[in-house]
1. Among all residue pairs at least 6 apart or on different chains, which show Cβ distances below 7 Å where the first residue, located in region 71-91, is small (Gly, Ala, Ser) and the second is surrounded by 12 or more Cβ atoms within 10 Å (Cβ to Cβ)?
2. For region 88-101, give me each residue that is out of contact with any helix residue (DSSP H, G or I) (no Cβ under 6 Å at 6 or more places or on another chain) and surrounded by 16 or more Cβ atoms within 10 Å (Cβ to Cβ).
3. Need a quick list: strands (runs of 3 or more DSSP E) entirely within region 45-154 having at least 3 residues that are within 28 Å of Ile165 (Cα to Cα) and touching a Phe, Trp or Tyr at 6+ places or on another chain (Cβ under 6 Å).
4. Please state which of the following conditions Val61 fails to meet, knowing it meets all the rest: (1) more than 14 Å from the chain's Cα centre (by Cα); (2) of a type in the set (A, V, I, L, M); (3) at pLDDT 95 or above.
5. Can you tell me which residue in region 15-44 is farthest from the ligand (Cβ to nearest atom), limited to those that are crowded, with 19+ Cβ neighbours inside 10 Å and in a loop (DSSP other than H, G, I, E, B)?
6. Please work out which residue is nearest to Glu20 (Cα to Cα), limiting yourself to region 92-135 and to residues that are of a type in the set (Val, Ile, Thr) and within 15 Å of the ligand (Cβ to nearest atom).
Amino acid sequence: MSIRKIETTPSPVLRQKAKEVGVINKKIKKLIADMTETMTKSSGIGIAAPQVGESIRLIVVELKGGKRSNGEEMPKFPLTVCINPKITKCSKETEISEEGCLSVPDIWGSVERFKEVEVLATNEKGENIKIKASGLVARVFQHEIDHLEGVLYTDRVDYKTLHKINSKGEKIPFEI
Ligand code: ZN
């Protein structure tokens with residue numbers, strides 16, 4: 001396993017529509033291991049392949065509980081690899097909460113997302129999996145699957161809420 005460099009804006013790979021994964025070969029397995037390690041090292045709760053420079057449809061999600069970097073309480077969700085994920089159902093209800101992104105470092109902002117989603121995907125063993133997620137977990141899946149379409153949360157953010165957090169933990173308004 002190795003830590004990969006995280007692509008940050010305005011890297012073009014973040015704006016490409018990612019390609020479907022065919023066979024889960026050694027290269028894909030290595031990429032999954034690297035993405036997992038890179039996400040963990042960066043204290044991320046999700047990562048998409050384009051964020052490490054690979055324009056393919058693969059995401060990894062894991063929520064370890066405890067507090068998010070913005071102080072919010074985080075639920076637990078086991079390490080889950082999703083190859084060619086698709087959102088197949090979403091709730092009528094939406095909710096607004098803060099998001100950040102490893103590819104848009106140190107910036108946070110409020111984004112409206114579906115409260116619940118159902119995701120179909122293939123896991124690292126090639127098995128079909130169905131995930132029913134709500135709240136922050138549903139938000140992470142929507143955020144990561146957006147990456148596969150070349151969409152960043154800053155495309156959906158309420159601009160008035162964009163901010164940085166300084167070393168004293170204070171919110172500093174930010175404009176892109
Ligand atoms: Zn992101």
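The values are calculated or read from the model by the stated rules, or taken from the named source; none is laboratory data. Since the structure is predicted, the reported quantities are computational estimates derived from the model, not experimental observations. Backbone-built Cβ (ideal geometry, glycine too); neighbour counts: all protein chains shown.
1. Listed pairs, sorted by first residue: Ser91/Phe114; Ser91/Lys115; Ser91/Glu116.
2. Within region 88-101, the subset out of contact with any helix residue (DSSP H, G or I) (no Cβ under 6 Å at 6 or more places or on another chain) is 88-98, 100.
Correct list: Cys90, Glu95, Glu98, Gly100.
3. Values: elements: 46-48, 58-64, 76-90, 94-101, 104-114, 116-122, 128-134.
Here the list reads 94-101.
4. Checking Val61 against (1) more than 14 Å from the chain's Cα centre (by Cα); (2) of a type in the set (A, V, I, L, M); (3) at pLDDT 95 or above, the one that fails is (1).
5. Looking at residues that are crowded, with 19+ Cβ neighbours inside 10 Å and in a loop (DSSP other than H, G, I, E, B), I get Ala18.
6. Checking each candidate, the answer is Val104.
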